[in-house]
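Scroll down for the structure; my scribbles are underneath it.
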């Protein structure tokens, strides 16, 4: 599944953007070095192909529901890892822009989850290990199915970790994992079987297409050390974010109330320090760390219920007024535009 | 209309919107992309229990949509289409976080309900803004901006080619899928075997098309290097647009306006 | 010769002189497209040679040949691969290494000549079939070729679009080689016709002579152009003629 902007904190989104941008830069360089100019139109139309293929449905055997091709693994098998990563990334960019699948902040996550795993784990470490020597149909089916399943499992795990690291959902890690992994096992199996079916079809019709682009590339495999390093870096960063996050809210109740009634902190004129602290608090991208004054939080926790209620009532009232104003502006502008258009 | 034909239609509709002319369309793509990034950054940087402070951000779509001549219904439909994802994730918050934060008219409002509302608001805001960006900038404008900001040539060419053939291949997909529908009764022919043959054929055709395009490139002396040239001019209007909106977003991020307005109203009309 | 050993063409020997306009006709699979692909070096003859102007087609002369021979493919969607028409028309000149203002000039000229200046900033998929075809010709014109090779220039066009293309092609002074099923177009544009059948040249001569030879046309799965068949309705209505 796609990550959505709304589930992400800017830090996690930014980290994953950086990871995916690095991947794109690295793969662009590799593609330029190792593939001939034949690859340019082929990559372009295969990206469009994935789109077209995703629009065609099939009936999932035994369930009656319909599914479609994801395409990541198929691209890796046809194009090799580097070109495939670029193509998957480009498909995701278009999906984010035109179909609001995911969103732009989440694009980094999605490129990583749906591009990195099939191209640099599933393909080189599973598919290529199984499909060796004399190619047989059994090997192709086995290789593409297993690789697709593994890639989707990793991708789903990526979604779980990124969402939790962002701290927007209340879902506990174990519940989320138990929810996501089995669903994606099913999705992965379907994807794997479809990929295998298409790959065997292509193999019979035109065997040159499988890996045909990689003639000039040296194995087309990212050095294992580089993969490990990349995974390690992501793990450290996300792990760090999670623990940092967890340690700053030891108590969910205290934290949540402090959040809603955060406004009182600003109003309490406790001198320059509290002003600075609250400013810091307001502009911090990751909410609420280091500078938070615990005494203040405790104080606001004990603040009487009526003032809390007052805050929320004024919030609701003011909110509706502001919202109405915004729509009024829109309405007037629309009238205006119609008159002049 | 079949599902695939509808997707194609939607894609076309977005592209048509991007091809319109309006004051917003005329703004430099870079200015619009930067403004959008500031917008999205501010919206997602709020804490998870923030609701009221998110509302002023609706001013942005409220101004840009009519000026850019983007029909609201069209956008609303697209948002509704993807909303289930946010609901799916957010729906757990009210279940796991039942701490009552305050009560309105005797009904307790839990932290989970507040954060769920917040997720939905963020979702709508970011999705609307992203769709809006495409509708007033166009895919090529965004690609050109990405290239100016240092995206590798191989990737920007990939984006360009993908978009160019998106319409050609989806139309081909529509034709093939329609032919399948015409010959299949009910569910027949939508099984895995027929599906993979259909996709396989589409893939073969795509492959041959790539070879023909390659020939067309070679016959015009292509040597592997793309020369793209997209003149862009950043005028004072573009700079004003970016600065004004960005600072408005940052002010909205720092000052909770609805809260202030509400408190003011409560004081005036107690 | 195809890679799988199928012989598509044999015993082909043609000489086309400067300024000529030649039609290549034949049934589907007669070898028209294969012949055209030899002219631009995409296929190499298994024996014999292809000469363009003063020099043979070799690896060294390939780029020069490709500039001299402008190839317009059957499907304009294959030929228009950039995001706007203008970029597509500029693609060839840029690859020739021309300076920027020279490229701009050539693009402007080519668009003007094809009457599609108003479409310069449009993406190709927004164009009608006729406009696409004209744009495809413009992408080749901007490279100032001496020879224009066109594969089925009028298929898929409505009558108006077809007429526009024919009018434009008639004005060209280039050497023209047109592969087509549209025999009325041949009658309009080409003085000479080469008939391909089963990979061989079945006839090569004056267009009007060839189209009068009904036995030949029938043998090669062709038909007399409509304009030469006479109108059965009119001729039936005036028996005294």
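Name the one entry in B:98, B:122 that is surrounded by 21 or more Cβ atoms within 10 Å (Cβ to Cβ) and either assigned by TED's automatic domain parsing to the domain that holds residue B:66 or modelled with pLDDT under 90 (or both).
Unique residue meeting the criteria: B:122.
Inspect segment B:224-243 for any residue being within 30 Å of the chain's Cα centre (by Cα), at the interface with chain A (Cβ under 9 Å from one of its Cβ atoms) and modelled with pLDDT under 90 and give the result as yes or no. Show your work before the answer.
Of all residues in segment B:224-243, those within 30 Å of the chain's Cα centre (by Cα) come to B:226-243.
In the following step, the residues that additionally are at the interface with chain A (Cβ under 9 Å from one of its Cβ atoms) were identified as B:226.
Those still in the list that are modelled with pLDDT under 90 too: B:226.
Yes, the conditions are met somewhere in segment B:224-243.
If the requirement is being in a helix (DSSP H, G or I) and away from chain B (no Cβ under 12 Å), which of these qualifies: C:109, C:104?
C:109
Take residue B:198 and decide whether it is outside the structural domain of residue B:66 (by TED's automatic domain parsing) and touching a strand residue (DSSP E or B) at 6+ places or on another chain (Cβ under 8 Å).
For residue B:198, the condition - outside the structural domain of residue B:66 (by TED's automatic domain parsing) and touching a strand residue (DSSP E or B) at 6+ places or on another chain (Cβ under 8 Å) - is not met.
Quick check, is residue C:129 crowded, with 23+ Cβ neighbours inside 10 Å, under 13 Å from residue C:80 (Cα atoms) and out of contact with any strand residue (DSSP E or B) (no Cβ under 9 Å at 6 or more places or on another chain)?
No: the conditions fail for residue C:129.
Which condition number does residue B:178 fail, the rest of (1) assigned by TED's automatic domain parsing to the domain that holds residue B:206; (2) closer than 30 Å to residue B:23 by Cα; (3) surrounded by fewer than 16 Cβ atoms within 10 Å (Cβ to Cβ) being met?
(2)
What residue, of C:41, C:31, is more than 24 Å from residue C:122 (Cβ to Cβ), buried (at least 17 other Cβ atoms within 10 Å of the Cβ) and in contact (Cβ under 8 Å) with a residue 60 or more places away in the chain?
C:31
Would you check if residue C:160 is surrounded by 21 or more Cβ atoms within 10 Å (Cβ to Cβ) and touching a residue at least 12 places away in the same chain (Cβ under 8 Å)?
no
Going by the structure shown, is residue C:26 in contact with a helix residue (DSSP H, G or I) (Cβ under 7 Å, 6 or more places away or on another chain) and either surrounded by fewer than 16 Cβ atoms within 10 Å (Cβ to Cβ) or closer than 26 Å to residue B:159 by Cα (or both)?
no
Of all helices (runs of 4 or more DSSP H) completely enclosed by segment B:87-173, which ones contain at least 3 residues that are more than 30 Å from residue A:167 (Cα to Cα) and more than 7 Å from chain A (Cβ to nearest Cβ)?
The helices (runs of 4 or more DSSP H) meeting that bar are B:111-137, B:139-148.
Every residue in segment C:24-43 that is assigned to a loop (DSSP other than H, G, I, E, B) and away from every other protein chain (no Cβ under 14 Å), please.
Of everything in segment C:24-43, those that are assigned to a loop (DSSP other than H, G, I, E, B) and away from every other protein chain (no Cβ under 14 Å) turn out to be C:26, C:27, C:28, C:29, C:30, C:31.
Of the residues that sit in segment C:83-101 and are touching a residue at least 24 places away in the same chain (Cβ under 8 Å) and not in a helix (DSSP H, G or I), which one is surrounded by the fewest Cβ atoms within 10 Å (Cβ to Cβ)?
C:96
Based on this model, can you work out whether residue C:193 counts as buried (at least 22 other Cβ atoms within 10 Å of the Cβ), in contact with a strand residue (DSSP E or B) (Cβ under 6 Å, 6 or more places away or on another chain) and touching a residue at least 40 places away in the same chain (Cβ under 8 Å)?
The answer is yes for residue C:193.
For segment C:112-157, give me each residue that is away from chain B (no Cβ under 12 Å) and without any contact (Cβ under 8 Å) to a residue 12 or more places away in the chain.
C:112, C:117, C:118
Looking at this structure, is residue B:81 over 16 Å from residue B:47 (Cβ atoms), more than 7 Å from chain A (Cβ to nearest Cβ) and at pLDDT below 80?
When the stated conditions are applied, residue B:81 does not pass them.
Answer with yes or no whether residue A:168 is under 24 Å from residue B:91 (Cβ atoms) and part of a loop (DSSP other than H, G, I, E, B).
yes
Looking at A:58, A:98, A:120, A:173, which is the one that is crowded, with 22+ Cβ neighbours inside 10 Å and more than 26 Å from residue B:174 (Cβ to Cβ)?
A:120
Given the conditions (1) at positive phi; (2) under 12 Å from the mean Cα position of the chain (by Cα), and given that residue A:158 satisfies all but one, which numbered condition is not satisfied?
So residue A:158 meets the others, but not (1).
For residue B:35, only one of the following conditions fails: (1) surrounded by fewer than 22 Cβ atoms within 10 Å (Cβ to Cβ); (2) modelled with pLDDT of 90 or more; (3) in a helix (DSSP H, G or I). What is its number?
(1)
Identify, from the list B:41, B:68, the residue that is crowded, with 18+ Cβ neighbours inside 10 Å, within 7 Å of chain A (Cβ to nearest Cβ), in contact with a helix residue (DSSP H, G or I) (Cβ under 8 Å, 6 or more places away or on another chain) and over 20 Å from residue A:324 (Cβ atoms).
B:41
Filter segment C:69-81 down to the residues that are more than 7 Å from chain B (Cβ to nearest Cβ), part of a loop (DSSP other than H, G, I, E, B) and surrounded by 22 or more Cβ atoms within 10 Å (Cβ to Cβ) and list them by number.
Matches in segment C:69-81: C:80 only.
Just one of the numbered conditions (1) more than 7 Å from every other protein chain (Cβ to nearest Cβ); (2) buried (at least 24 other Cβ atoms within 10 Å of the Cβ); (3) in a helix (DSSP H, G or I) is not true of residue C:66; which one?
Failed condition: (1).
When the residues of segment C:45-57 are filtered to those that are in a loop (DSSP other than H, G, I, E, B), away from every other protein chain (no Cβ under 14 Å) and touching a helix residue (DSSP H, G or I) at 6+ places or on another chain (Cβ under 9 Å), which remaining residue is farthest from residue C:142 (Cα to Cα)?
C:45
Of the residues A:45, A:87, only one is within 11 Å of chain B (Cβ to nearest Cβ), free of Cβ contacts under 8 Å to residues at least 24 places away in the same chain and buried (at least 24 other Cβ atoms within 10 Å of the Cβ); which? Spell out the reasoning first.
Working: A:87 fails: free of Cβ contacts under 8 Å to residues at least 24 places away in the same chain.
Of A:45, A:87, the one residue that is within 11 Å of chain B (Cβ to nearest Cβ), free of Cβ contacts under 8 Å to residues at least 24 places away in the same chain and buried (at least 24 other Cβ atoms within 10 Å of the Cβ) is A:45.
Can you find, within segment B:227-254, the residue that is surrounded by the fewest Cβ atoms within 10 Å (Cβ to Cβ) among those that are under 22 Å from residue B:54 (Cβ atoms) and touching a residue at least 12 places away in the same chain (Cβ under 8 Å)?
Out of the qualifying residues, it is B:250.
Kindly provide the set of residues from segment B:3-22 that are more than 9 Å from chain A (Cβ to nearest Cβ) and in contact with a helix residue (DSSP H, G or I) (Cβ under 8 Å, 6 or more places away or on another chain), ordered by number.
B:12, B:13, B:17, B:18, B:19
Regarding segment A:131-146, can at least one residue be identified that is in a helix (DSSP H, G or I), within 14 Å of chain B (Cβ to nearest Cβ) and crowded, with 24+ Cβ neighbours inside 10 Å?
yes
So for segment A:16-30 (the condition being at negative phi, at the interface with another protein chain (Cβ under 8 Å from one of its Cβ atoms) and surrounded by fewer than 18 Cβ atoms within 10 Å (Cβ to Cβ)), does at least one residue qualify?
yes
The values are calculated or read from the model by the stated rules, or taken from the named source; none is laboratory data. Predicted model, so just to flag it, every value in this text is computed and none were measured. No Cβ is skipped: glycine too gets one built from the backbone with ideal geometry, and neighbour counts run over all protein chains shown.
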